[in-house]
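Student: Below is the structure I would like to discuss, written out as structure tokens.
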Amino acid sequence: MSRELIRLDHIGKSFAGVNALKDISLTLHSGKIYCLVGENGSGKSTLIKVIAGIHQPDSGEIAFHGKVLHQFHPIEAIRQGIQVIYQDLSLFPNLTVAENLAINHLISRKRHWVWRREVRKIAVDALRKIKANLNLDARLGTLPVADRQLIAIARALLQNARLIIMDEPTTALTRNEVNILQGVIRNLKEDGISILFVSHKIDEVMEIGEHIIILRNGEKVVDRATTDLDRSSVVQAMTGRDVKPKGITFPRVAQGAPALLKVESLSCAGLFCDVSFELRVGEIVGITGLLGSGRTGLALSLFGICPANSGTLTLEGVPLKVNRIRDALANGIAYVPEDRLTEGLFLTRSIGENIAVRIVDSLVSRIHLLDHQAIQSRIREWVARLKIRASSTNLPVSSLSGGNQQRAVLARWLASNPRVLILNGPTAGIDVGSKAEIHEIVRDLAKSGIGILVISDDIPELLEVCHRILLMKRGRIAAEFERPSITEARLSEILVSA
């Protein structure tokens, strides 16, 4: 029987009078894979930070190997073998693979001189622990996310990790890369290392986890073996309600519906080549493919970030040139980027300012001053329409949960009445309840006549909302599927082999 690694007894934590954690008790044992799930705002991040010593609990006790620690800080967590790999991985993009792996090891030993041979030896030993083969001299910033994830794990092992907490580790990974990561996690388990895998992706949780812990509104509602649960029971426990896929009722868009956007032989050097398709009024078209297939490059080109070198665009029958972002905006083309934190939001600004920034120029009074009353009215309108949950629109947008941040980005673009809406990874890193609500918003937008492109490798999502799905491979459209004619299993098989 595996021994007790860490025990939390009746942990409570509040911020400004709001209970983030309420009476949480749980025990993690050595050599087991635990999954921590819950909606945004459920308390997952707070619990991680309590285990890592970043937040001190207001009540309760934490014990390692049966010994209660009354003063528990990050350095003590590291001494106890706790390592957290956050979503940003906390690596140095300007350093090499070897330097990233060795830096913490050298700093902890207070070295004043660094010998290249020692750095390489540390790096080789670290990668050997996870059976990874990477170029030690490659700059980290040039590597794909999957390789960076492996480097973060290897670096954690150099600190004698006994529990590795992985916060949303598969958000930017393809299916093949997820499989590789899962293999590494299973190997770590065999070496007696415990994993706390934090994710919104229920299917991955069911695949990798031996034990599932579910939080809802700061309380632990499930703490059971994975074999005792199924997908629907996990979703119900997370949300407190049944969240069932609604799907599209076919046919939703008639074949004779007018073409809203027509793309013909569009090419952009280094990104994609000879792409042709049509987007009809009120239609949702999915575009998928592996990383590097050209799917994001196509989206950036349609929005004017990476102008096409050749080919033509037609919007409602009128020839269109999109050589810069301003051209796209002037013609009603909106783009919601995949990374809402770095590309989609002004994090230090208020929720209201983030929503109004696209329309503020159109809301001026007769004397050419900003009409603040009209601005506030439009902000309230979109907060209500998209059900953005916030006590005040004057709060910074960074205070919102992931799902509500995504709604804020959508509200900004929808307030400008777009004709074409491009959504790149619209529900990346969002919990299952918010995901279902955003899918419903997308369907309603299509019903209103907006043409929508959904860029994603989340196959269930594409099947849930799209009328048609285009598969890109090596910068070209390799196949097209009408939604009723393709299954999840078949599309997954085609995508992996692409």
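The values are calculated or read from the model by the stated rules, or taken from the named source; none is laboratory data. Keep in mind the model is a prediction, meaning the values are calculated, not measured. FYI the Cβ positions are ideal-geometry reconstructions off the backbone, even for glycines, and counts take in every protein chain you see.
Student: Could you list, in sequence order, the residues of segment 1-49 that are within 21 Å of Thr226 (Cα to Cα) and of a type in the set (D, E, K, R)? Full working, then the answer.
Tutor: Within segment 1-49, the subset within 21 Å of Thr226 (Cα to Cα) is 1-8, 24-39, 42-44, 47-48.
Scanning segment 1-49 gives Arg3, Glu4, Arg7, Lys32, Glu39, Lys44.
Student: Please indicate, with yes or no, whether at least one residue in segment 385-395 is surrounded by fewer than 22 Cβ atoms within 10 Å (Cβ to Cβ) and either in contact with a Pro (Cβ under 8 Å, 6 or more places away or on another chain) or part of a helix (DSSP H, G or I) (or both).
Tutor: Yes: one or more hits.
Student: Let me ask something additional. Where in segment 125-210 are there helices (runs of 4 or more DSSP H), lying wholly inside it, with at least 2 residues that are surrounded by fewer than 16 Cβ atoms within 10 Å (Cβ to Cβ) and at negative phi?
Tutor: On the way: elements: 145-158, 175-190, 202-208.
Result: 175-190, 202-208.
Student: Let me ask something else about it. Can you name every residue in segment 138-156 that is in contact (Cβ under 8 Å) with a residue 40 or more places away in the chain and in contact with a helix residue (DSSP H, G or I) (Cβ under 7 Å, 6 or more places away or on another chain)?
Tutor: Once the filter is applied, which keeps residues that are in contact (Cβ under 8 Å) with a residue 40 or more places away in the chain and in contact with a helix residue (DSSP H, G or I) (Cβ under 7 Å, 6 or more places away or on another chain), segment 138-156 yields Ala138, Leu140, Arg148, Gln149, Ile151, Ile153, Ala154, Arg155.
Student: Sticking with this structure for a sec: Any idea which residue in segment 314-361 is surrounded by the fewest Cβ atoms within 10 Å (Cβ to Cβ), counting only those that are under 22 Å from the mean Cα position of the chain (by Cα) and acidic (Asp, Glu)?
Tutor: Glu343
Student: On to the next question. Listed residues Glu39, Glu76; which is free of Cβ contacts under 8 Å to residues at least 60 places away in the same chain, assigned by TED's automatic domain parsing to the domain that holds Ser194 and among the acidic types (Asp, Glu)?
Tutor: Numbers: Glu39 fails: free of Cβ contacts under 8 Å to residues at least 60 places away in the same chain.
Criteria check complete, one pass: Glu76.
Student: Given the conditions (1) small (Gly, Ala, Ser); (2) surrounded by fewer than 21 Cβ atoms within 10 Å (Cβ to Cβ); (3) not in a loop (DSSP other than H, G, I, E, B), and given that Ser434 satisfies all but one, which numbered condition is not satisfied?
Tutor: Exception for Ser434: condition (2).
Student: Has segment 479-487 got at least one residue that is surrounded by fewer than 19 Cβ atoms within 10 Å (Cβ to Cβ), touching a Leu at 6+ places or on another chain (Cβ under 7 Å) and farther than 29 Å from Gly403 by Cα?
Tutor: yes
Student: With respect to the numbered conditions (1) under 19 Å from the mean Cα position of the chain (by Cα); (2) modelled with pLDDT of 80 or more, which one is the sole condition not fulfilled by Val383?
Tutor: It fails just one condition, (1).
Student: Sticking with this structure for a sec: If a residue must be in contact (Cβ under 8 Å) with a residue 12 or more places away in the chain, more than 19 Å from Ile195 (Cβ to Cβ) and not hydrophobic (A, V, I, L, M, F, W, C), how many such residues does segment 10-36 contain?
Tutor: Residues that pass the stated criteria total 8.
Student: Using beta carbons and a limit of 6 Å, which pairs, at least six apart or on different chains, have the first residue in segment 179-193 and free of Cβ contacts under 8 Å to residues at least 40 places away in the same chain and the second one in a helix (DSSP H, G or I)?
Tutor: From segment 179-193, the pairs are Gln182/Ile208.
Student: Is it the case that some residue within segment 414-426 is in a helix (DSSP H, G or I), out of contact with any Asp or Glu (no Cβ under 7 Å at 6 or more places or on another chain) and either among the hydrophobic types (A, V, I, L, M, F, W, C) or buried (at least 23 other Cβ atoms within 10 Å of the Cβ) (or both)?
Tutor: Looking through segment 414-426, at least one residue is in a helix (DSSP H, G or I), out of contact with any Asp or Glu (no Cβ under 7 Å at 6 or more places or on another chain) and either among the hydrophobic types (A, V, I, L, M, F, W, C) or buried (at least 23 other Cβ atoms within 10 Å of the Cβ) (or both).
Student: Next question, about the same structure. In segment 271-354, which strands (runs of 3 or more DSSP E) lie fully inside it and hold 1 or more residues that are under 19 Å from Ile441 (Cα atoms)?
Tutor: Result: 272-280, 284-288, 333-336.
Student: I've got another one for you. Answer yes if at least one residue in segment 148-162 is among the basic types (Lys, Arg), over 24 Å from the mean Cα position of the chain (by Cα), within 21 Å of Lys32 (Cβ to Cβ) and not assigned by TED's automatic domain parsing to the domain that holds Asp339, and no otherwise.
Tutor: Yes, because at least one residue in segment 148-162 is among the basic types (Lys, Arg), over 24 Å from the mean Cα position of the chain (by Cα), within 21 Å of Lys32 (Cβ to Cβ) and not assigned by TED's automatic domain parsing to the domain that holds Asp339.
Student: Continuing with this model, one more query. What residue, of Ser398, Ser377, is hydroxyl-bearing (Ser, Thr, Tyr), part of a helix (DSSP H, G or I) and under 16 Å from Leu345 (Cβ atoms)?
Tutor: The unique qualifying residue is Ser398.
Student: Could you figure out which of (1) without any contact (Cβ under 8 Å) to a residue 40 or more places away in the chain; (2) buried (at least 21 other Cβ atoms within 10 Å of the Cβ); (3) touching a Leu at 6+ places or on another chain (Cβ under 9 Å) isn't true of Val442?
Tutor: (1)
Student: Look through segment 47-72, keep the residues that are touching a residue at least 60 places away in the same chain (Cβ under 8 Å) and of a type outside the set (Gly, Ala, Ser), and return whichever of them is nearest to Gln87 (Cα to Cα).
Tutor: Step one: of segment 47-72, the residues touching a residue at least 60 places away in the same chain (Cβ under 8 Å) are 47-48, 51-52, 65-66.
Still in the list and also of a type outside the set (Gly, Ala, Ser): 47-48, 51, 65.
Details: Leu47: 16, Ile48: 13, Ile51: 17, His65: 28 Å.
Among them, the one singled out is Ile48.
Student: Still on this structure: Test each condition in (1) at pLDDT 85 or above; (2) closer than 30 Å to Glu278 by Cβ for Pro396 and report the one that comes out false.
Tutor: Failed condition: (2).
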